[in-house]
Structure formats: structure tokens, C-alpha cells
């Protein structure tokens with residue numbers, strides 16, 4: 001039912017340029033997309049908002065290219081993943097600035113110690129591991145969808161998940177969270 005609803009809305013946007021239909025898609029997916037970016041940016045809300053906005057702008061301008069070969073959410077997450085990839089690539093040159101910014105994010109006072117501990121744990125992962133972990137654990141996506149979104153083979157996704165989960169478990173148990 002969800003897929004048909006999404007396809008109907010996508011068709012209205014692509015064929016009739018119905019902005020209200022796109023607004024419905026944005027409202028439906030803005031929280032999951034923002035949550036994906038929050039986990040990838042380790043809690044940086046303004047950056048997550050910017051990346052989410054860029055994702056929806058790209059989705060709107062490219063919606064006619066949606067073929068329906070996968071679900072709309074998978075297609076949208078693929079755009080989000082590419083936006084994140086482009087952002088990371090553009091920031092790679094300024095590694096010292098990134099390191100300082102990430103330290104400031106982790107030092108920012110928070111109303112939830114657990115949330116910050118999770119972000120600190122996620123910070124220990126490689127970016128591909130973090131992406132796979134957050135897509136599976138936080139967004140509930142299966143391995144085949146994660147593979148489709150990231151363009152990684154399913155075996156690679158499974159490896160990233162395995163390593164990432166072990167590393168997260170170790171970090172959290174060493175910091176007072178029992179199994």
C-alpha cells in the first residue's frame with residue numbers, strides 16, 4: 001500500500017509538477033532522512049538539516065528519472081547517500097577542520113548522555129561501517145536495500161555490519177553499558 005501511494009505521488013510530481021504531492025513525500029520521509037544524516041554527522045543538527053534539504057532538492061529535480069525499479073524510499077536514500085558522499089569528499093581536503101568540528105560536536109552539552117555516548121561510539125567506526133550500521137539498526141533496512149542504496153555488494157555490507165557491531169559492542173561495554 002505504501003509503495004502504491006509513493007508511486008502515485010511520484011507520478012503526480014513527475015507528470016503534473018504537483019508540488020503538493022512532493023510536499024507529501026517530503027513530510028513522509030523528512031524524519032527518516034534527517035535521522036540518517038544525524039547519525040552520519042554524529043549529531044550535527046544544522047549540517048543534517050542542510051544535507052537533508054539538499055537531498056530533497058535533488059530528488060525533486062530528478063524525480064522524472066525515478067524508474068520504479070526499487071521503492072521510492074530506496075531511491076531517496078540513494079540520493080541521500082550520494083549527498084553524504086559528496087559532502088565527505090568535499091571536506092576531505094580540510095581534515096584538521098573536520099577533526100576540530102567533530103570534537104566540538106562531541107563536547108557540546110546535551111540533554112541525553114546516552115545519545116552522546118552512541119554518537120561517540122559511532123565516531124569510532126569507519127564511515128562505510130557507520131552508514132551500514134545506521135541504515136540497518138536505526139532505519140531498519142535489510143541488507144539488500146543497504147546494498148542497493150550504497151552500491152556496495154551484499155557481502156561487503158555484511159562485513160561492515162559485523163565489524164561495526166562488534167566495535168560498537170566493545171566501545172559501549174567498555175563505557176559502562178552492559179550486554
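The values are calculated or read from the model by the stated rules, or taken from the named source; none is laboratory data. Just so it is clear, the structure is predicted and the values come from calculations on it, not from any experiment. For neighbour counting, all protein chains shown are included, and Cβ atoms are generated from backbone atoms with ideal geometry for every residue, glycine included.
So, in the stretch 121-149, how many residues would count as being crowded, with 21+ Cβ neighbours inside 10 Å and in a loop (DSSP other than H, G, I, E, B)?
Total satisfying the criteria: 1.
Can you confirm whether residue 71 is at pLDDT below 95 and either more than 19 Å from residue 129 (Cα to Cα) or surrounded by fewer than 12 Cβ atoms within 10 Å (Cβ to Cβ) (or both)?
yes
Looking only at the stretch 113-120, decide whether some residue is under 28 Å from residue 154 (Cα atoms), surrounded by 13 or more Cβ atoms within 10 Å (Cβ to Cβ) and at pLDDT 95 or above.
Taking every residue of the stretch 113-120 in turn, none turns out to be under 28 Å from residue 154 (Cα atoms), surrounded by 13 or more Cβ atoms within 10 Å (Cβ to Cβ) and at pLDDT 95 or above.
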